[in-house]
Amino acid sequence: MKTFTIALSLLSLIQAGALFGFFYAWVCSTMWGLDATDPRVAIQAMQAMNASVRNAVFAPVFFGTPVVLGLTALVLYRTGDAAAGLWFALATGVIGVLAVGLTIAVNVPMNEALARIDVPSDLDAARDVWLAYSPDWQFWNQVRTVTSGIGLLMVGTGIMQIKAD
C-alpha cells in the first residue's frame, strides 16, 4: 500500500505542478506577448488558443487534478497518514475551488464572449475590445495562478508529511 500511496502522491505533485505551470505561462509570457502586438492579432490568437485548449492532453490535468488530490487525501487518511492527508485535502479545496472553479466561473465565460466577437478590422475598435478583455482576464488568471501555486506547495508539504514506515 505504501508504494501505491507514494505513486499517488507523486501523480498529485505532477498534476498540480502542470496546472500551476500552465496558468503561470499565461502570466509571464503569453499575455504580455499578446498585449504587445496588434490587438487584431491578439484577439484572433486568443480565440485560437482558447479553442485549442479543449483537448485530450489538457483535460486530464484540468479536470483530473482535484480528483487525484482528493483520492490521495482519502488514501492517506485511510492508511493512517492523517497529517499528510490533511495537506492533500487542503490542496484539493484550493485547487478545485480557487483554480479550476474560478476558471470555469470567470475565465471560460470571458473566453466564450471573446470567441463570439468578429475581429474588428479597425485598429481602434480592436484595441477597445482587447482592453475590455485582457486586463480583467489577466487579473483572474493571476488569482488562479497564485492559488494553484499555493495548492502545489500544499502537495509538497503533504508529501513531506508522509510517514516513512
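A short reminder: the numbers here are calculations on the coordinates, not readings from a lab. Note that the coordinates shown come from a computational prediction; the quantities given were computed from them, not determined experimentally. Quick reminder, even Gly has a Cβ in these numbers, built from the backbone with ideal geometry, and neighbours come from all protein chains shown.
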Under a point-charge model restricted to the Cβ atoms of Lys and Arg (+1) and Asp and Glu (-1), what is the dipole moment magnitude of the chain relative to its Cα centre, in debye to the nearest 20? 660 debye
The stretch 88-121 and the stretch 50-67 have their Cα centres apart by a whole-number Å value of 12 Å
Helical contribution to [θ] at 222 nm, DSSP H n ≥ 4, -39,500 (n - 2.57), averaged over the chain, rounded to 500: -25000 deg cm²/dmol
In nm, what is the difference between 0.36 nm times the number of residues separating A164 and F58 and their Cα-Cα distance? 34.9 nm
Given 23-36, 115-128, 83-96, the highest-first ranking by average Cβ count within 10 Å works out to 83-96, 23-36, 115-128
Order these by the 10 Å Cβ neighbour count, fewest first: S9, S148. S9, S148
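R0 = 22 Å: FRET efficiency of S29 with D136, Cβ-based, nearest 0.05?
FRET efficiency, S29 to D136: 0.70.
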